[in-house]
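The values are calculated or read from the model by the stated rules, or taken from the named source; none is laboratory data. In this text, all values refer to a predicted model and were calculated from it rather than measured experimentally. With ideal geometry, Cβ positions are generated from the backbone for all residues, glycine too; neighbour counts draw on all protein chains shown. Note: accessible area is taken over every heavy atom of the protein model, side chains too, but ligands, DNA and RNA are not part of it. Shrake-Rupley method; radii C 1.70, N 1.55, O 1.52, S 1.80 Å.
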Amino acid sequence: MLGWSIGSIEMDDYALRIRCVKHKLSVVNVEYRLAPEHPFPIPVNDCYAALKWVVPNVALLKADLKKGFIVSGESAGGNLSAVLAHMARDDSFFDDCPLTGQFLCEPNVCHWKAYPESLKAKFRSFFELTGAPTLTREMLDPFYEWYNPPSSDPRFSPLLYQSHEGLPKAYIQAMELDLLRDDAVVYAEVLREAGVQAKVDLHPGVTHAFYYSFPNLSAAAKVREGADRGLEWLLNREASA
């Protein structure tokens, strides 16, 4: 989905089918309800309900959560996945089957109005790349308006959770010319400071979600290749990759 308000599960279905076969994964693709008809926190609650549904349905999914249990998403989905990682960490429901990884592609991890003073200077991209192609500030602001979250609620701004300790390791992708670039970079730093393993791939010279419009570019292939390596790392399969 895009901006918590656009898209459907068909949008990523083909790519997820490829990833499912290539990495021998069971994938649950969640079609959460969209803003503005279904504003915050409805998408969060829908995704969390789907995450909890997985646990008693592993036989149906032919899955083994002890081999890996990953939340993943791009853009708004990256935001939701980061939130779910915190919610699952704090929920005793997942004590016997904790998440083992989070794959965050171009995530928005904090509303610009809620940047912590101690980190504000590091969020340069949001103010310097306002006119970057594929996602401009003019495009992003209506998404915030439609989704309508409280800017400082950690269920929208997961950077603001009081603690990031105990989260599963994270693989994060960022695009150099994306106004959300520093969300990814700063979030990885914060996770590492909390003792969480985090890897970041920063792809040079490209913009937010460019690979949807230009999938045949060599840069798009590098994003996909990085995603493959990141998944193998999250699954502790690097030696056999």
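Can you spot a residue in segment 143-166 that is touching a residue at least 40 places away in the same chain (Cβ under 8 Å), buried (at least 19 other Cβ atoms within 10 Å of the Cβ) and in contact with a Gly (Cβ under 6 Å, 6 or more places away or on another chain)? Yes, some residue in segment 143-166 is touching a residue at least 40 places away in the same chain (Cβ under 8 Å), buried (at least 19 other Cβ atoms within 10 Å of the Cβ) and in contact with a Gly (Cβ under 6 Å, 6 or more places away or on another chain).
Would you say Glu106 is over 19 Å from Gly68 (Cβ atoms) and touching a strand residue (DSSP E or B) at 6+ places or on another chain (Cβ under 8 Å)? So Glu106 passes the test.
For segment 1-15, the set of residues classified as free of Cβ contacts under 8 Å to residues at least 60 places away in the same chain and open to solvent by less than 40 Å² (accessible area, probe 1.4 Å) consists of Gly7, Ser8, listed by residue number.
Among the helices (runs of 4 or more DSSP H) confined to segment 1-101, the ones with at least 2 residues that are basic (Lys, Arg), at pLDDT 95 or above and within 19 Å of the chain's Cα centre (by Cα) are located at 10-23. Each residue in segment 163-204 was checked for being part of a helix (DSSP H, G or I) and hydrophobic (A, V, I, L, M, F, W, C), and 6 of them qualify. In segment 183-202, the residue that is surrounded by the fewest Cβ atoms within 10 Å (Cβ to Cβ) out of those that are within 14 Å of the chain's Cα centre (by Cα) and among the charged types (D, E, K, R) is Lys199.
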